[in-house]
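The structure appears right after this line, and notes come after that.
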Amino acid sequence: MHKIQNIAGRLVEVRVTPPLTLEEIQKFVEEHKATVSRIPDRYVGVVDLHRADVFPAEVAAALIQLLSQMADRVERTAFLIGEGAVFALQIERVIRNAANPNRKAFREPEPLKEWLGEVLNASEHFRLDTFLKEVMADGGGGHPSRK
């Protein structure tokens, strides 16, 4: 399952929860492109993957293709991932293969917020805070002892 929205400025918010099938990724690609096309300049993305697990190979390949196609439109994109080591390696490989150094994976919301915050305006900052609070309420963003 996925959700894509653009509520404030250039900030594109994405939530992904398992399972993410090839059919789901095809819908995701269409919705992502439609959302980004409404933003006149480059966009800033925040992606909540804290509940996701290792993607099937064809889903990972589709993500690499999408991220590669959108590379020139990205100012920055941050991925919030869970604690799974194998999934972290997969996401890092997806990001690396998409060939845009302005994308990073984070396991904690604060470093993500600081990194994206360098390029956000006030309304985008507010919306990012809201997004991350929702993620934390859903059990995401770091070790249970830090919640």
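The values are calculated or read from the model by the stated rules, or taken from the named source; none is laboratory data. The shown structure was predicted, so the numbers you read here are calculated from the model rather than taken from an experiment. No Cβ is skipped: glycine too gets one built from the backbone with ideal geometry, and neighbour counts run over all protein chains shown. Each accessible area value is taken on the protein alone, full model and side chains, heavy atoms only, with ligands, DNA and RNA left out. Shrake-Rupley method; radii C 1.70, N 1.55, O 1.52, S 1.80 Å.
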> What does the highest-first list of 4-16, 25-37 look like by mean Cβ count within 10 Å?
Replying inline: 4-16, 25-37
> So what is the relative contact order for the chain, in percent, with contacts set as C-alpha pairs under 8 Å and at least six apart?
Replying inline: 23
> Under 21 Å from the Cα of residue 3, which lysines turn up, not counting those fewer than eight places away in the same chain?
Replying inline: 27, 33, 104, 113, 133
> In deg cm²/dmol, rounded to 500, what helix-only [θ] at 222 nm does the chain give when every DSSP H run of at least 4 residues adds -39500 (n - 2.57) and the total is split over its residues?
Replying inline: -14500 deg cm²/dmol
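Per residue, how many Å² of accessible area does the chain show with a 1.4 Å probe? All intermediate terms of the calculation are to be shown ahead of the outcome.
Working: 7370 Å² over 147 residues.
It amounts to 50 Å² per residue over the chain.
At 0.36 nm per residue, and after removing the present C-alpha to C-alpha distance, how many nm does the segment from residue 31 to residue 86 gain when stretched out fully? Please report the intermediate quantities before stating the final value.
Working: separation 55, 0.36 × 55 = 19.80 nm, distance 2.73 nm.
Gain in length upon complete extension: 17.1 nm.
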>> Only four residue types carry charge here, +1 at the Cβ of Lys and Arg and -1 at the Cβ of Asp and Glu. Report the dipole size of the chain about the Cα centre in Debye, rounded to the nearest 20.
In response: 140
> Where the accessible area of the stretch 79-118 is counted over protein heavy atoms with a 1.4 Å probe, how much of it, in %, is carbon and sulfur?
Replying inline: 55
> Principal axis lengths of the chain from Cα atoms, whole Å, largest first?
Replying inline: 41, 38, 25
